[in-house]
1. Considering each of K160, K140, K93 in turn, give the residue that is at pLDDT 80 or above and closer than 19 Å to H33 by Cα.
2. Out of everything in segment 288-319 that is acidic (D, E) and part of a helix (DSSP H, G or I), what residue ends up being nearest to V212 (Cα to Cα)?
3. In this structure, is E224 open to solvent by less than 70 Å² (accessible area, probe 1.4 Å), touching a helix residue (DSSP H, G or I) at 6+ places or on another chain (Cβ under 8 Å), at pLDDT below 95 and of a type outside the set (S, T, N, Q)?
4. With among the polar types (S, T, N, Q) and exposed (fewer than 14 other Cβ atoms within 10 Å of the Cβ) as the only criterion, which of N200, N252 stands out?
5. Just to verify a result, which residue in segment 241-287, among those that are in a helix (DSSP H, G or I) and basic (K, R), is farthest from L219 (Cα to Cα)?
6. Condition first: closer than 22 Å to Y83 by Cβ, in contact (Cβ under 8 Å) with a residue 12 or more places away in the chain and part of a loop (DSSP other than H, G, I, E, B). Now tell me which residues in segment 33-63 satisfy that.
7. For segment 65-101, enumerate the residues that are in a strand (DSSP E or B) and hydroxyl-bearing (S, T, Y).
8. Is it fair to say K278 is touching a Pro at 6+ places or on another chain (Cβ under 9 Å) and open to solvent by 60 Å² or more (accessible area, probe 1.4 Å)?
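The values are calculated or read from the model by the stated rules, or taken from the named source; none is laboratory data. The structure displayed is predicted, hence computed values, not measured ones. Cβ placement follows ideal geometry from the backbone for every residue including glycine, while neighbour counts extend to all protein chains displayed. Quick note on the areas: whole protein, heavy atoms, side chains included, nothing else; ligands and nucleic acids left out. Shrake-Rupley method; radii C 1.70, N 1.55, O 1.52, S 1.80 Å.
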Amino acid sequence: MIHKNILGTIAAAMVLAFAAVSASAQVGELRGHVYMQQADGNKAPLADAVIDVYRTDVKGEYHTKTNKKGEFVFAGLPFVGEYTIVASHPTAKAGYVTKFKVGRNIPAEITVTPGDGSKLTLDDLKNAAATGSSAEGNAKTGNTGESAAERAKREELIRKNAEIEANNKKITDANAVINRTFKAGNDSLTAAVAASKAQNADEAIQKYTEAVTQYDEGLAADPEQPALLTNKAQALKGRAIEKFNQAIRAKNLDDAAKTAAFDAAKADFKAASGASNKAVEFIKAQTAPTDPTEVARYNANKYAAFATNAEAMRLFVSKVDPTQAEAGLTAFRDYIALEQDPAKKVKAQLDSAQMLLDSGAADKAFTEFQALVTAQPDNPDANLGAGLALFATGDKTRFQDAANYLQHFVDVAPETHAMKADAKAILTELKNTEKVVPEKTPPRRKRP
């Protein structure tokens, strides 16, 4: 998956790749020891020996001295190439190693014998090589080639670098697709919303479809992009509503055609819930960032995903599959826990309760509406919902409470409320058929 801070991930991967190349493919370390051969046959480390390193395939030379332990080191010499290493000391006859390669984790070892302190120059070494003789001094042929293990290690490093570079390219290419399709999809989504507000259903459906196509292309590059999934869900939801309303308004469709139109809308409602559920799933699986900029982006994506999921699930449960009411309630609770705006929080609570009522879960719906009435006794919609939920249970022992809630709704709701006439009609029916009339109840205004 291309994780949510995409650019950061690419940058980190590229840094790793370049570091691997520069550390393993361009330079290598050269370490070694210089020893003095003793008369008793033992060897002792030689301090302050002058080390001259000559690159023999192209021009290059490097110089240092041994430490008290007779050790020397060059942190980074060009990996490709062969070297001659010369060790000299005022008390010794110079010694050298030819055809040495760096970066193989094999130290160079030079043993010198007591002498007049003469040094060997690069010209001395070249002349000896030209005549096929050894230069005056203690000569040794170095690591002229790689062992099988060394070659395997180098090839593995090369393979890993190539793999990292290929992955970087894949991420970069996918990132370009995601950025392009996200922008294009959002442009189409904005145009679709505008067309819907202008009541141009055909254009709205066309633009919603274009948005879905763009988001699908981005998701093909990386299917675990919550923002793409969230916006795709919004486009599918919008298209479903337009199709559903078109089917309701259509007067020239026969039953089969109307059923097909409703089925097309229901397919979009279902697809919207699926996309939004995936977005929430990926958001929940992510580790919350700590960088302030990334925190803001993460929180915005999370909020959009949870809000979209709640609305998509409400429509899916209400219009398509009422058996998914519990999943819809979970989606609403996730969103409500995140919502900071009190008015939006109350609306979401009302919507979730109404979704339960629409799905036939009257008892669960009453529990949700009653919780709202407890918090806001004069909320018209909460009282209406509680009364309708009790009435929908069909339990005559609860009709008195239903009438009480409905009457309080009538008392506090504005005359322009769309359900006021329906509530009065139910109260009349309860009075005429069930002999139930609202009881006088004390004011429900919540104390400060």
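1. Of K160, K140, K93, the one residue that is at pLDDT 80 or above and closer than 19 Å to H33 by Cα is K93.
2. The qualifying residue nearest to V212 (Cα to Cα) is E311.
3. yes
4. From the options N200, N252, the qualifying one is N252.
5. Out of the qualifying residues, it is R249.
6. L46, D48, A49, T56, D57, V58, G60
7. Hits for segment 65-101 are Y83, T84, S88, Y96, T98.
8. Spelling it out, K278 is indeed touching a Pro at 6+ places or on another chain (Cβ under 9 Å) and open to solvent by 60 Å² or more (accessible area, probe 1.4 Å).
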